[in-house]
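The values are calculated or read from the model by the stated rules, or taken from the named source; none is laboratory data. Source: prediction; values computed, not measured. In this analysis, Cβ positions are derived from the backbone assuming ideal geometry, glycine residues included, and neighbour counts consider all displayed protein chains. Just so you know, the surface numbers come from the protein's heavy atoms only, side chains and all, with ligands and any DNA or RNA stripped out. Shrake-Rupley method; radii C 1.70, N 1.55, O 1.52, S 1.80 Å.
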Amino acid sequence: MSNVVVLDNGAGLMKAGIGGERDPTAIVPNSMGRPLSSKKWLMAEQLLSPDVDLTSATVRRPFDRGYLINPDLQSSLWSHIFSNLLKITPSHSSLLLTEPLFNLPSIQRSLDEIVFEDFNFKALYVSDSPSLVHLYEASRRPYGLVSKAQCSLVADCGFSFTHASPVFQNFTLNYAVKRLDLGGKALTNYLKELVSYRSVNLMDESFLMDDVKEKLCFVSLDVPRDLQIARKPGKDNLFRCTYVLPDGITNTKGFLKDREEPKRYLSLYDKAPQQVAGEQTDTDQLDNSEDRNRSNGSKIDLTKNEFGLTNERFLVPEMMFRPADLGLNQAGLAECIVRAISSCHSHLHPVLYESIILTGGSTLFPHFAKRLEMDLRPLVPDKYRLKITTQEDPILGVWRGGSLLASSPDFDAMCVTKAEYEELGSARCRKRFFH
């Protein structure tokens, strides 16, 4: 039996592996980068090497705003993955490929040409992300609501944009899908602007600011309160963190000055409400005195390359919930989900509200699901139950669904073969995928 290569071709990360396995062989950036000190372009896993200094590196991506704009670059990245990481022979393998919702026919033709003419794959199956996420979640809980009703709403917060997609019997209901033009890239860019305006110019540091965002940002459950706390001086400001920039000599990567600092804000969610409002117990006062003693060592040193973050940590993910605050004429994620469900038949509404699945890297911010539930509850009729599930690994959820599909006995019959592509062409073959 030939291998089935499963490729979740995200705009930010590519996840590639062999169908039937639990985890992908490679999880690598879908980009090429050239460090300032080098003339050689690095690709995929080479960008993740701890020895590579990516300060002010030039970045090239095959995707822009969620759609493929550079098929040649994508082809060279795939070639590197297939030959160096997966070590497979495409002409003896089938390919399961994910593509964005509402992909343009011209881009679909380009992808088909790469798959069948450049790599000579035996067969191809193209899927969208929500249906694979639904398939995986239904198989994980065979007695759960998603599996029994064969119905769910997948909120996919990806690199380029966010989709709220109802799925029914493993098919995405395209007419009801709602899109929010915000994703991980927009959040990183907003963080770059905030830090560059307030501290150090980091507008060219995409890889560095991605790291800052992933390590320090979180979703606030009470924005007005947290903004007040972020204005406090010294150790009373529970959000203040210091990030040290790479110097190119001893450190080629940025790092946190104090690893415990980012966790201090968690005490807000552990305290009783009256304590948060201002009352302090004896133990709190002791903790504060210890904090003041330690604060001398964690002050920002202006002679070194480091910067502090306070309210940026929660204002950046806040974009997902209130894009209008930034002047974007778009609804937040909660309203997006309600509009998507309202576009479906009324018989599906109670099931969809009770089976919301979160996937995508941007859902990894702490408290994301809890905040979404807080925003959704006032918008959802009281007669409906609301249940939000975050995937066990939101980054790998789509790939695992693809791996499950690729190992099913019906998979070969679902694919388009190279012979069919050569006889019928791209457009006719695509009709088989019901997109």
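Here the relative contact order of the range 60-150, from alpha carbon pairs under 8 Å that lie six or more residues apart, stands at 25 percent.
Within the set of other residues whose C-beta is less than 15 Å from the C-beta of G327, count the net charge using Lys and Arg as +1 and Asp and Glu as -1.
-3
Each principal axis of the Cα atoms in the range 1-120 has its own extent, and those three values, largest first, are 45, 30, 24 angstrom.
Each of V6, C344, M374 was scored by the projection of its Cα onto the charge dipole of the chain, and the greatest displacement toward the positive side belongs to C344; charges sit on the C-beta of Lys, Arg, Asp and Glu. For K185, the lysines whose Cα comes closer than 16 Å to its Cα, not counting residues fewer than 8 places off in the same chain, are K213, K215. Counted over the range 322-435 with a bin width of 5 Å, the fraction of Cα pairs per bin, in whole percents, is 2, 9, 14, 14, 14, 14, 12, 9, 7, 3, 1. For the range 7-127, a simple Cβ point-charge model (Lys and Arg +1, Asp and Glu -1, everything else neutral) yields a dipole of about 200 debye relative to the Cα centre. Net charge dipole, the chain: roughly 400 debye, given to the nearest 20, about the Cα centre with Cβ charges of +1 for Lys and Arg and -1 for Asp and Glu.
Note on the range 311-435: with neighbouring protein chains present and a 1.4 Å probe, carbon and sulfur make up 51 percent of its accessible heavy-atom surface.
Hey, if you drop one equal point scatterer on each alpha-carbon of the range 94-156 and run the Debye formula without solvent, what base-10 log of I(q)/I(0) do you get at q = 0.24, 0.26 Å⁻¹? The computed values of log10 I(q)/I(0) come out as -0.95, -1.03.
A simple spin-label model places pseudo-atoms 7 Å from Cα toward Cβ; at D236 and Q169 they are separated by 6.2 nm.
Taking every Cα-Cα distance in the range 71-126 and sorting them into 10 Å bins starting at zero, the pair-distance distribution P(r) comes out as 22, 60, 18, 1 percent. A simple packing score, the average count of other Cβ atoms within 10 Å per residue, orders the peptides 400-406, 74-80, 385-391 as 400-406, 74-80, 385-391, with the highest score first. For the range 1-128, the residue among Q74, V28, S49 whose Cα projects farthest onto the positive side of the dipole built from Cβ charges is S49. The Rg/Rh ratio for the range 331-370 is 1.02, where Rg is the radius of gyration of the alpha carbons and Rh is the Kirkwood radius. Can you give the helix-only mean residue ellipticity at 222 nm for the chain, where every DSSP H stretch with n ≥ 4 adds -39500 (n - 2.57) and the sum goes over all residues, rounded to the nearest 500 deg cm²/dmol? Calculated from helices alone, the mean residue ellipticity at 222 nm is -9500 deg cm²/dmol.
Relative contact order of the chain, taken over Cα pairs closer than 8 Å and 6 or more residues apart, is 20 percent. When the chain is described by a simple charge dipole with +1 on each Lys and Arg Cβ and -1 on each Asp and Glu Cβ, the residue from F159, L315, I356 located farthest towards its positive end is I356.
Overall size of the range 54-158 from C-alpha positions, given as principal axis extents largest first: 45, 39, 30 Å. Principal semi-axes of the equivalent ellipsoid, √(5λ) from the alpha carbon gyration tensor of the chain, are 40, 29, 17 Å from largest down. Across the range 95-248, the relative contact order, built from alpha-carbon pairs under 8 Å that are at least six residues apart, equals 12 percent. Accessible surface for the chain, divided over its residues, is 48 Å² per residue with a 1.4 Å probe.
Dipole size in debye (nearest 20) for the range 65-221 around its Cα centre, Lys and Arg Cβ +1, Asp and Glu Cβ -1? In debye, rounded to 20, the range 65-221 gives about 580.
F102 contributes an accessible area of around 90 Å² to the protein surface, as traced by a 1.4 Å probe with all chains present. Measuring max minus min along each principal axis, the C-alpha atoms of the range 107-246 give extents of 60, 43, 26 Å (largest first).
Measuring nothing but protein heavy atoms, the accessible surface of the range 141-223 at 1.4 Å probe radius is 50 percent carbon and sulfur. Once the range 377-431 is represented by equal point scatterers at the alpha-carbon sites, with solvent omitted, what log10 I(q)/I(0) does the Debye formula produce at q = 0.20 Å⁻¹? After summing over all Cα pairs, the log10 values are -0.84. The lysines whose alpha-carbon is closer than 29 Å to the alpha-carbon of K87, local same-chain residues fewer than 8 away aside, are K15, K39, K40, K122, K418. In this model, which of K148/K370; K192/K257; K178/K257 are farther than 29 Å apart at the alpha-carbon? From K148/K370; K192/K257; K178/K257, over 29 Å: K178/K257. The long axis of helix 129-140 is offset from the longest Cα principal axis of the chain by roughly 80 degrees.
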